[in-house]
Each structure stands twice: as C-alpha cells, then as structure tokens.
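A.B. asks: What follows is a single structure, and I will ask about it in a moment.
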Amino acid sequence: MPITREEEKVLDEHFLANSYVEGFTASQSDAALFEYFTGTPSQDLPSLQRWFRHIASFDKDRTTFPGSRRNPLEIFINGRKITVMADSTAVEQSAALEQFSTAEAQVDEDIVDPWNVQASSSKGIDYDKLIDRFGSSRIDATLLERFEKVTGRKPHHFLRRGIFFSHRDMHRILNLVEAGKKFFLYTGRGPSSEAMHVGHLIPFIMTKWLQDVFDVPLVVQLTDDEKYLWKDLKLEQCNKLAYENSKDIVAMGFDINKTFIFSDIDFIEGSGEFYRNVLKVQKHVTFNQVKGIFGFDESSNIGKIMFPAIQAAPSFSSSFPFIFKGKKDVPCLIPCAIDQDPYFRMTRDVAPRIGLQKPALLHSTFFPALAGASTKMSASDENSSIFLTDTANQIKKKINKYAFSGGRDTIEEHREKGGDCEVDVSYMYLTFFLEDDEKLEEIRQQYSTGNMLTGELKAELIKILQALVAEHQARRKEVTEDLVKEYMKPRPLNF
Ligand code: TRP
C-alpha cells in the first residue's frame, strides 16, 4: 500500500516542525516509515525529503534505532491518520533501498563534532553528506530568494557563496519577520587563546550583518567554563581569556543597545533564570543521550557531561529576563560553524519537552588553514593562519610562504594549464573576504586560465587581509575596559 501524494503532503508538514515521526530521536517508527518509500520524495516536499535523506544516511544502523516495530504503524498528524502496513511489497521495496544505502555506506565517514573535525578524504569535508547525516537543510536558491524578498537586501556573500551552507528552520524565522515579529540572535566563542585568527571572525561577521539587517538583539556566550573543563588551563586564565576575546568581539561593532556579551563563569554565579533553564535541560537529558551525541564515556569528567545544558540555555529568551522584559517566547536564531550543531540538535530535541521554542540555525563551513583545506589551523602554530594581531609584513610573508597554491610548477606550465581554484587557499580566502562578485569571478577566470600567476593572486589577497586586520586592530585599540563592561552589563536591550 504505497503512501499517497496527499499523505506525503501531510508528512511534509509534519517534518517541517519535527525531526522524527515521534519523539525527539530516530526510532523504529522512522525506520518503518522509511521502508515505505520506493525512492527519495520529490523536491516540492522539502521537509519530507530532508527527513528521508537523514534516515537513509544511517544505513544499517537503522536496525539499532530504539523502540519496537508496530505493524500496522499508525501516525497521527494534525488530526490525520496515516497507516503504514508492512506487507510483501514493503519487503521488496526495502531490498531495493538496501542497494541505495550500501552504495552510500562504502565511503568513510568524516568526523565533525565540537572537538574534532577530520575529513576522510584529502578533498576536505563532504558538506552535502554532512547535511544528510545531521538532518539539516541546504541553504538553497529558494531560501536565498525568500531572504531577499523579505529583507529587501541582497543576501550576504557568505550566504550566496555557500560559506554558510546549511540551516534549520530558517523559513520559520522569515515567516516571523514577514509577520512583523522579532527574534533574537545567539552566538558564542570558546576562549582558549588570546590569539584569534581571521577564521574566528566568520560567525561574528555573519552575526553582525544579521543584526544590522533584521535589527534584533544579540547574546554572545563566552564559554570560559567549557575551556576550563576541556583544556589544561587554570580557571582564572580561561576567565581572563574571555575578557580578552570580548574586546575582539566588541571591535566588530555590534550595536551596544542591542548586544549582551557574557562570560559563563561570571554570569552563571549571579543569574536566576539562566540556571533554571540549565537545570531543566539537565533534567531532560540522560547520560546515554549525551554519550550518543557527544561521545562522552565513563571517564569523562562530570563537568563535560553537564556542559551541553549550559550551551543550550542561551537559546531561550526566558534565560535573560532582564533583556526581554520577561518575554519567554522570543524565538532564537544561532549562526555558528557546523561543528557546534550537536549542541543545538540536543537543544532542539529538549525544547518542546520543557515548553520552550526550538532555536533556528545557520551553519557555516570551516575556514581553511593556510596549508590547505585538509590541514588544521591551530592557535599554537602561528603559521597555520592569519591572526588578528599580525603585522602587515607578517601577513605578506605568511601568505607568500605558506598559503597552499593551486598554481603549476613552472610559469610555462601555469600559462598553459592554469591554476586550480578548488585547492588554492589564497583563492578560497578571497571567497571569504573579497565582497565584489565581479572582481572575484574575474580573478577566478584569469587564474584558472593561466593569465594570472599565483604571485598576483596572492598579492590581491594580501592587500585585502592587510586592510581587514589593520582596520580590526584600529577598532580594537578603541575598545576600553569600560566599554567591554557596558556590553557585559545585564540590562534591557532594544527590540
Ligand atoms: N562551544 C563554542 C566554542 O567552543 C562556543 C559557543 C557557545 C558557541 N555558544 C555558542 C558557538 C553558540 C556558536 C554558537 O567555540
């Protein structure tokens, strides 16, 4: 008994608001419903399609989903009942799907979580696959068009160029905006070193733009507690780093009337409501669940096990009664790098169980290290990236010496074959920092046809980065301790 088109529409509606058939994790009900499809649901049912791809990505692990199979499986959605009955055709269908899944499973998995980012291939992370695995949605042309229609602004080049590539519930946020309602932004930083590099700016550049375009309040969480629990650092040191980093964040120019920055260590001590939400989250997440989501085990210190509740809490406006004048249901949008998604997948699962709203998300790709997209950036290796404290000369030297080049070995060969923009780090950096689309396209053409040499490409990037870093340094110099304190003062924000 195949699922009718009408039933598919009902399911699509269901998966617009829910990750799974029932409850907050994939269960045997998802596995049973999945087997009922003979192929990927059509494109005009995007939420159903997202759910399908997500469930498909588990491949054989579907058999280990919790719960038992009910036959028939009855799903109640908005007063409608959909009955899924396993019969012989279902068995055939599931055999067909098996093929689809094993082909997928042969590729090794990339590892992406808050502490490890490791590509299984030298080409770097497979972001399309990550979207399926995480069950998020691609930022596609439809969303970008809607974005432009609703805001009247051309989407930021991070959005247009796929640097922010994935989202959860962004359509819901745009619906709110269309209806004249407000939301708030939440982002954060784990302060583990004084030296921030240009890659650390990416989520903050996006957040600043979103704050300007939507004219909404922002909370910035500095997780000095997280760094204390994970790194070999003293508590006071982590707390001090939070204040150092907050100067760089303030230097981004966030609206002081709409921005609250806080250190977890300092803020939690004095906060009533924030800790209440932390407690509610803690009560609704088991050790088994954090084990599954974050890979904790019996030897993890217990601070780590409870920490996800602390990163979850700022997603709820009720955590900040002083900001929102007690309004408990202001929806939240979180711009972050995709490695932070496990925290917010958990948050979204818990939210309805504690009577709170799920946050929406915008996910970015990772900023490539100078030595190439498959290598790591590290604050302790000063040649792995461009730091916000670098001088103009250091920037020039580093780019010229360390930026992995897609150019050819000799000039003759380069002129003949052209450079490879796919692996060229200087070109990749230009996609982040050169806003002018036409100029970027011209550089791409000139470089990949061999008219432009690596040295010339690098010179373009050096100019842009020198200006960006110098401007940042100038703004940061103006940031006084008092100004930081202003941003960190619990107070009502305009919205
Ligand atoms: N855990 C993040 C880090 O280590 C910091 C963080 C806290 C964060 N809350 C966030 C990042 C919200 C993005 C969005 O950097």
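The values are calculated or read from the model by the stated rules, or taken from the named source; none is laboratory data. Because the structure is predicted, anything quoted here is derived from the model rather than measured. For neighbour counting, all protein chains shown are included, and Cβ atoms are generated from backbone atoms with ideal geometry for every residue, glycine included. With ligands, DNA and RNA removed, areas are computed over all heavy atoms of the protein, side chains included. Shrake-Rupley method; radii C 1.70, N 1.55, O 1.52, S 1.80 Å.
A.B. asks: Quote the relative contact order of the chain in percent (integer), defining contacts as alpha-carbon pairs under 8 Å separated by 6+ residues.
C.D. replies: The value is 14 percent.
A.B. asks: Go ahead and estimate [θ] at 222 nm for the chain from helices alone: -39,500 (n - 2.57) per DSSP H run with n ≥ 4, summed, over the residue count, rounded to 500. Don't jump to the answer; show the numbers that get you there.
C.D. replies: Details: 23 runs with 240 residues, N = 495.
Here the helix-only value at 222 nm equals -14500 deg cm²/dmol.
A.B. asks: Over its Cα atoms, what ratio of radius of gyration to 2.2 N^0.38 Å does segment 264-366 give?
C.D. replies: Details: Rg = 13.6 Å, N = 103, 2.2 N^0.38 = 12.8 Å.
Working it through for segment 264-366, the quotient is 1.06.
A.B. asks: Between Glu13 and Thr286, how high is the FRET efficiency from 1/(1 + (r/R0)^6) when r is the Cβ-Cβ distance and R₀ = 22 Å? Nearest 0.05. Before the final figure, lay out the partial values.
C.D. replies: Working: r = 30 Å, r/R0 = 1.36.
After rounding, the FRET efficiency stands at 0.15.
A.B. asks: Hey, another quick one. Net charge within 9 Å of Ile131 by Cβ-Cβ distance, Lys/Arg positive one each and Asp/Glu negative one each, not counting Ile131 itself? Please list the in-between numbers first.
C.D. replies: On the way: positive: Arg50, Arg53, Lys129, Arg133, Arg138; negative: Asp128, Asp132.
Combined, the nearby Lys, Arg, Asp and Glu give +3.
A.B. asks: Any chance you could get the radius of gyration and Dmax over the Cα atoms of segment 157-217, in Å?
C.D. replies: In order Rg, Dmax, the Cα atoms of segment 157-217 give 13.6, 42 Å.
A.B. asks: Less than 12 Å Cβ to Cβ from Gly292, Lys/Arg counted +1 and Asp/Glu -1: what total charge do the surrounding residues give?
C.D. replies: Computed value for this residue: -2.
A.B. asks: Under a point-charge model restricted to the Cβ atoms of Lys and Arg (+1) and Asp and Glu (-1), what is the dipole moment magnitude of the chain relative to its Cα centre, in debye to the nearest 20? Don't jump to the answer; show the numbers that get you there.
C.D. replies: Details: 62 positive and 72 negative charges, 304 e Å.
Computed charge dipole of the chain: roughly 1460 debye.
A.B. asks: Which percent of Cα pairs goes in each bin when the distances of segment 403-490 are cut into 5 angstrom slices starting at zero?
C.D. replies: Spelled out bin by bin, segment 403-490 gives 3, 14, 20, 17, 11, 8, 7, 6, 6, 4, 2, 1, 0 percent.
A.B. asks: Mind checking the log10 I(q)/I(0) for segment 298-353 at q = 0.16, 0.30 Å⁻¹? Debye, one equal scatterer per Cα, no solvent, two decimals.
C.D. replies: Log-scaled intensity ratios, in q order: -0.57, -1.23.
A.B. asks: Next up: Can you run phi through the Karplus equation (6.51, -1.76, 1.60; θ = phi - 60°) for segment 447-462 and list ³J(HN,Hα) in whole Hz, with x for Gly and Pro?
C.D. replies: My calculation for segment 447-462 gives 6, 7, 9, x, 6, 9, 8, 4, x, 6, 4, 4, 4, 4, 5, 4 Hz in order.
A.B. asks: Can you give the relative contact order of segment 308-439 as a percent, counting alpha carbon pairs under 8 Å and 6+ residues apart?
C.D. replies: 16 percent
A.B. asks: Counting only other residues whose beta carbon sits under 10 Å from that of Asn383, what net charge do I get with K and R as +1, D and E as -1?
C.D. replies: It works out to a net charge of +1.
A.B. asks: Tell me, what is the per residue accessible area of segment 1-51 in Å², probe radius 1.4 Å?
C.D. replies: Result: 44 Å² of accessible area for each residue.
A.B. asks: If you roll a 1.4 Å probe over segment 121-167 with all protein chains in place, what percent of the accessible area is carbon or sulfur?
C.D. replies: Roughly 48 percent, rounded to a whole number.
A.B. asks: Taking the Cα centre of segment 190-268 as origin, sum charge times position over the Cβ atoms of Lys and Arg (+1) and Asp and Glu (-1), and report the length of that vector in debye to the nearest 20.
C.D. replies: Dipole magnitude for segment 190-268 comes out near 100 debye.
A.B. asks: Could you count how many Lys pairs in segment 280-385 have their Cα atoms under 16 Å apart, skipping same-chain pairs fewer than 8 positions apart?
C.D. replies: 7
A.B. asks: Now, a different point. Place +1 on the Cβ of every Lys and Arg and -1 on the Cβ of every Asp and Glu in segment 96-231, take the dipole about the Cα centre, and give the residue among Ala141, Leu229, Phe214 whose Cα lies farthest towards its positive end.
C.D. replies: Checked the options; the winner is Phe214.
A.B. asks: For Lys463, give me every one of the aspartates and glutamates with a C-alpha distance below 16 angstrom, ignoring sequence neighbours fewer than eight places off in its own chain.
C.D. replies: Leaving aside aspartates and glutamates fewer than 8 places away in the same chain, those within reach of Lys463 are Asp390, Glu435, Asp436, Glu471.
A.B. asks: Could you give the semi-axes, largest first, of the ellipsoid that matches the chain, computed as the square roots of 5 times the alpha carbon gyration tensor eigenvalues and rounded to whole Å?
C.D. replies: Working through the eigenvalues yields semi-axes of 38, 31, 22 Å.
A.B. asks: Right, something else. In debye, nearest 20: dipole of segment 419-495 around its Cα centre with unit charges on the Cβ of K, R (+) and D, E (-)?
C.D. replies: That gives a dipole near 580 debye.
A.B. asks: Can you pull out the trypsin sites (Lys or Arg not before Pro) in segment 109-207 that DSSP calls coil and that have at most 13 other Cβ atoms within 10 Å?
C.D. replies: Lys123, Arg153, Lys181
A.B. asks: Oh, and also: Farthest toward the dipole's positive end in segment 1-83, which of His54, Ser29, His14, given Cβ charges of +1 (Lys, Arg) and -1 (Asp, Glu) about the Cα centre?
C.D. replies: In segment 1-83, that residue is Ser29.
A.B. asks: Can you give the translational diffusion coefficient of segment 211-265 in µm²/s, computed by Stokes-Einstein from the Kirkwood radius over Cα pairs at 25 °C and 0.890 mPa s?
C.D. replies: 203 µm²/s
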